[in-house]
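Just below is one structure, and these are the notes that go with it.
A short reminder: the numbers here are calculations on the coordinates, not readings from a lab. This is a predicted model, so every value here is computed, not measured. As a convention, Cβ positions derive from the backbone with ideal geometry for all residues, glycine included, and neighbour counts pool all protein chains shown.
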Ligand code: 5GP
């Protein structure tokens, strides 16, 4: 997606060996206009897949997931990383190791929001080693829901996430794919959408 790639080139900041900082438009301050365009882009490409729910993981996935859900006309559900006292009903849960925070957390969604009639599109900001997406797929599987695919804003293709998801037979739709970081600059490879 050209608008996203242009923005990464302009405002993305390469941190160390393998982290891209995008806190000026995705992960902290959020460019609402760009998120709306991203939502429409995913929806245009995937509108014929019979998607009934969009699922993401708090926090950075929420903005693009909400815009995608709005464009598809379906609800958005975000998995929580901490259990709230108000979540007193049955939960779907899985364990996710965070690439950036280097801690394992239990993520959960109330089981009343997903069923075996749902076809889910998972949306996340980054795909690195695929642990976040795998955890979300496991939540969907527990509910008996099928997963139509994983939509990613920024895939770091030099990490193992895509391979892991392809081994699980889940299609990956990335708007920007990074082949490498060279001398602090981002080198892109051809994206899916
Ligand atoms: P994975 O679970 O695929 O290893 O990592 C995906 C998650 O880690 C994303 O939800 C994102 O929050 C975080 N993440 C992974 N790589 C990066 C990165 O390069 N930059 C930022 N800002 N977050 C990342």
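Go through (1) more than 11 Å from the ligand (Cβ to nearest atom); (2) in a strand (DSSP E or B); (3) surrounded by 21 or more Cβ atoms within 10 Å (Cβ to Cβ) one by one and return the number of the condition residue 78 breaks. Unmet for residue 78, out of (1) more than 11 Å from the ligand (Cβ to nearest atom); (2) in a strand (DSSP E or B); (3) surrounded by 21 or more Cβ atoms within 10 Å (Cβ to Cβ): (3).
Looking only at residues that are touching a strand residue (DSSP E or B) at 6+ places or on another chain (Cβ under 8 Å), without any contact (Cβ under 8 Å) to a residue 24 or more places away in the chain and outside any strand (DSSP E or B) in segment 143-187, which one is nearest to residue 51 (Cα to Cα)? Selected residue: 171. Within segment 18-31, the residues that satisfy the criterion of being farther than 20 Å from residue 193 by Cα and more than 10 Å from the ligand (Cβ to nearest atom) are 24, 29, 30.
From 137, 109, grab the single residue that is outside any strand (DSSP E or B), within 18 Å of the chain's Cα centre (by Cα), surrounded by 19 or more Cβ atoms within 10 Å (Cβ to Cβ) and away from the ligand (no atom under 11 Å from the Cβ).
Exactly one of 137, 109 is outside any strand (DSSP E or B), within 18 Å of the chain's Cα centre (by Cα), surrounded by 19 or more Cβ atoms within 10 Å (Cβ to Cβ) and away from the ligand (no atom under 11 Å from the Cβ), namely 137.
Restricting segment 5-20 to residues that are touching a strand residue (DSSP E or B) at 6+ places or on another chain (Cβ under 7 Å) and surrounded by 15 or more Cβ atoms within 10 Å (Cβ to Cβ) leaves a set whose member that is farthest from residue 123 (Cα to Cα) is 14.
Any residue that is surrounded by 18 or more Cβ atoms within 10 Å (Cβ to Cβ), assigned to a loop (DSSP other than H, G, I, E, B) and in contact with a helix residue (DSSP H, G or I) (Cβ under 9 Å, 6 or more places away or on another chain) - is there at least one of those in segment 54-66? Scanning segment 54-66 turns up at least one residue that is surrounded by 18 or more Cβ atoms within 10 Å (Cβ to Cβ), assigned to a loop (DSSP other than H, G, I, E, B) and in contact with a helix residue (DSSP H, G or I) (Cβ under 9 Å, 6 or more places away or on another chain).
Conditions tested, residue by residue: (1) within 28 Å of residue 185 (Cβ to Cβ); (2) more than 16 Å from the ligand (Cβ to nearest atom); (3) under 16 Å from the mean Cα position of the chain (by Cα).
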| position | (1), (2), (3) |
| --- | --- |
| 1 | yes, yes, yes |
| 5 | yes, no, no |
| 37 | yes, yes, yes |
| 40 | no, yes, yes |
| 58 | no, no, yes |
| 64 | yes, no, yes |
| 67 | no, yes, yes |
| 86 | no, yes, no |
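Condition test on residue 30, is it under 14 Å from residue 153 (Cβ atoms) and crowded, with 22+ Cβ neighbours inside 10 Å? Criteria not met by residue 30. If you go through segment 39-53 one residue at a time, do you hit one that is at positive phi and either in contact (Cβ under 8 Å) with a residue 24 or more places away in the chain or part of a loop (DSSP other than H, G, I, E, B) (or both)? Looking through segment 39-53, at least one residue is at positive phi and either in contact (Cβ under 8 Å) with a residue 24 or more places away in the chain or part of a loop (DSSP other than H, G, I, E, B) (or both).
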